[in-house]
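Peer 1: Take this structure, written in structure tokens, and hold onto it; I'll ask about it next.
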Amino acid sequence: MTDHHAGPAAGGDRNPGATATTEYRLAHLQERLAREGSGDMGIRLEMRGGSLLLTGTVPSAANREEILRIVAEVLPDVPVRSDIGLTDHSAPDRPEELS
């Protein structure tokens with residue numbers, strides 16, 4: 001899991017206005033990921049405490065970095081925890097041993 005933090009938390013649960021603003025910003029982030037982040041590839045966004053948790057799988061490290069770059073642009077003041085895994089579509093380098 002990777003932690004990214006670009007500044008103080010957005011306030012999250014402290015007041016209703018901050019929560020509504022964060023929800024609006026999350027919706028904007030999902031739209032932008034769908035547009036620019038390779039179709040977002042099934043990445044899930046979830047606020048936990050004052051942090052944003054990203055989960056899902058992408059085909060390459062480059063895709064993951066692009067998603068994290070977009071998240072940092074849209075939510076620069078929210079700490080981000082990334083649990084984005086990589087799918088491995090490469091051929092194995094040796095035969096599989098079955099027992």
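Peer 1: Please enumerate the residues belonging to region 54-94 that are in a loop (DSSP other than H, G, I, E, B), over 14 Å from G42 (Cβ atoms) and not polar (S, T, N, Q).
Peer 2: Filtering region 54-94 for residues in a loop (DSSP other than H, G, I, E, B) gives 59-60, 75-79, 87-94.
The next check asks that each one be over 14 Å from G42 (Cβ atoms); those that pass are 60, 75-79, 88-94.
Those that are in a loop (DSSP other than H, G, I, E, B), over 14 Å from G42 (Cβ atoms) and not polar (S, T, N, Q): L75, P76, D77, V78, P79, D88, H89, A91, P92, D93, R94.
Peer 1: Please count how many residues of region 77-90 are open to solvent by 60 Å² or more (accessible area, probe 1.4 Å) and either out of contact with any strand residue (DSSP E or B) (no Cβ under 7 Å at 6 or more places or on another chain) or over 16 Å from L29 (Cβ atoms) (or both). Walk me through it before giving the result.
Peer 2: First, the residues of region 77-90 that are open to solvent by 60 Å² or more (accessible area, probe 1.4 Å): 81, 83, 86, 88-90.
Going one step further and asking which of them are either out of contact with any strand residue (DSSP E or B) (no Cβ under 7 Å at 6 or more places or on another chain) or over 16 Å from L29 (Cβ atoms) (or both), we end up with 83, 86, 88-90.
Residues flagged as open to solvent by 60 Å² or more (accessible area, probe 1.4 Å) and either out of contact with any strand residue (DSSP E or B) (no Cβ under 7 Å at 6 or more places or on another chain) or over 16 Å from L29 (Cβ atoms) (or both) within region 77-90 amount to 5.
Peer 1: While we're on this one: Does region 28-45 contain any residue that is at pLDDT 90 or above, open to solvent by 40 Å² or more (accessible area, probe 1.4 Å) and touching a Pro at 6+ places or on another chain (Cβ under 8 Å)?
Peer 2: No, region 28-45 has no match at all.
The values are calculated or read from the model by the stated rules, or taken from the named source; none is laboratory data. Predicted model, so just to flag it, every value in this text is computed and none were measured. Backbone-built Cβ (ideal geometry, glycine too); neighbour counts: all protein chains shown. Surface areas here come from the heavy atoms of the whole protein model, side chains and all, with no ligands, DNA or RNA. Shrake-Rupley method; radii C 1.70, N 1.55, O 1.52, S 1.80 Å.
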